[in-house]
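A.B. asks: One structure, as structure tokens, below. Some questions next.
The values are calculated or read from the model by the stated rules, or taken from the named source; none is laboratory data. Just so it is clear, the structure is predicted and the values come from calculations on it, not from any experiment. So basically every Cβ, Gly included, is an ideal-geometry build from the backbone, and we count neighbours across all protein chains shown.
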Ligand code: AFP
């Protein structure tokens, strides 16, 4: 006889059960859960926009809001009534906004839909979240207590860390986030690399570093989406993503608060590293919410090699 539904549910570990077993404190686990639920609504929005691509009109005949702004609205509205969030900062907003009574414990940073320009080509995109206890500005390493990202691809997956390892969940057909990999651990060295920016805009030191990776046989894996590119390194257990300082933009392209620090938090929890070329990404002082930074993130061998080679005169 096949397995009954009770046997099945006995074996699966869903997100809430996992966080409870891992000892994540109650308000933080409720907040992470609510954000994971928002991922389902954002995914529904992406599907709605895909229907448009397929020539189907929005059922109400209204103008559709840009997907990234719509995702931001969904997230903000959900967090506003969560009871756990006093401030919200998003790539879509000019400034940090108060959304609670002021008594709540957490500040949430969000890139609600990173890689939205890839939607029309049907590539994976994602949501990136940082959860902080104190002010997100001026402080470094100690402000972030958890981070997560959701990948909208052929499957919807989520990786979270609340400082007790990094864990992957897959959204199943029943709408539950089910544990697929606990305690992701990177190897010392990987075999793929994702170098952002145009070669002609790279600095000489960065160019030498990439030449070195090519000569060591690293395979190119660059999708143009930060979330799937980082996800690939975590799931394949090693490799390097970089978006470096460019000749015309010494701070690179990616945002420290919304994109880089949450991913650095998760990467470190998986035994990897993340630097701006020299300093750990999590130690870089955030002076304004739109601050950019170069990044080298991935398994230890490659990140240390970057640090060494960029340091040379
Ligand atoms: P969009 O959100 O505008 O698609 O940008 C995506 C992104 O911020 C990040 O997800 C990618 O890693 C990076 O830009 C890709 O940049 P390039 O297009 O310069 O390679």
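A.B. asks: Please specify each residue of segment 242-260 satisfying the condition of being near the ligand (Cβ under 9 Å from one of its atoms) and assigned to a strand (DSSP E or B).
C.D. replies: Hits for segment 242-260 are 243, 255.
A.B. asks: Looking only at residues that are assigned to a strand (DSSP E or B) and within 26 Å of residue 196 (Cα to Cα) in segment 85-98, which one is nearest to the ligand (Cβ to nearest atom)?
C.D. replies: 90
A.B. asks: On to the next question. I'm trying to understand the selection: among the residues of segment 210-241, which are under 17 Å from residue 295 (Cα atoms), touching a strand residue (DSSP E or B) at 6+ places or on another chain (Cβ under 6 Å) and in a loop (DSSP other than H, G, I, E, B)?
C.D. replies: Of everything in segment 210-241, those that are under 17 Å from residue 295 (Cα atoms), touching a strand residue (DSSP E or B) at 6+ places or on another chain (Cβ under 6 Å) and in a loop (DSSP other than H, G, I, E, B) turn out to be 221, 222, 225, 239.
A.B. asks: Which one is surrounded by the fewest Cβ atoms within 10 Å (Cβ to Cβ), of the residues in segment 173-182 that are assigned to a loop (DSSP other than H, G, I, E, B) and in contact (Cβ under 8 Å) with a residue 60 or more places away in the chain?
C.D. replies: That would be 175.
A.B. asks: Quick one: which of 278, 288 is outside the structural domain of residue 152 (by TED's automatic domain parsing), more than 16 Å from the ligand (Cβ to nearest atom), more than 23 Å from residue 111 (Cβ to Cβ) and modelled with pLDDT under 95?
C.D. replies: 278
A.B. asks: Could you please tell me which pairs satisfy a Cβ distance under 6 Å, a separation of 6+ or placement on different chains, a first residue in segment 155-171 that is buried (at least 21 other Cβ atoms within 10 Å of the Cβ), and a second residue that is assigned to a loop (DSSP other than H, G, I, E, B) and at pLDDT 95 or above?
C.D. replies: From residues that are buried (at least 21 other Cβ atoms within 10 Å of the Cβ), the pairs are 159/166; 162/24; 166/184; 166/270; 167/182.
A.B. asks: Moving to a separate point now. Which members of segment 189-209 meet the condition of being in a helix (DSSP H, G or I) and touching a residue at least 24 places away in the same chain (Cβ under 8 Å)?
C.D. replies: 201, 205, 206, 208, 209
A.B. asks: So residue 148 fits all but one of (1) within 13 Å of the ligand (Cβ to nearest atom); (2) within 24 Å of residue 281 (Cα to Cα); (3) modelled with pLDDT of 95 or more; what number is the exception?
C.D. replies: (1)
Here's the yes/no breakdown for (1) in the same structural domain as residue 282 (by TED's automatic domain parsing); (2) away from the ligand (no atom under 11 Å from the Cβ); (3) at pLDDT 95 or above; (4) not in a loop (DSSP other than H, G, I, E, B):
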site	(1), (2), (3), (4)
100	no, yes, no, no
103	no, yes, no, no
109	no, yes, yes, yes
112	no, no, yes, yes
126	no, no, yes, yes
142	no, yes, no, yes
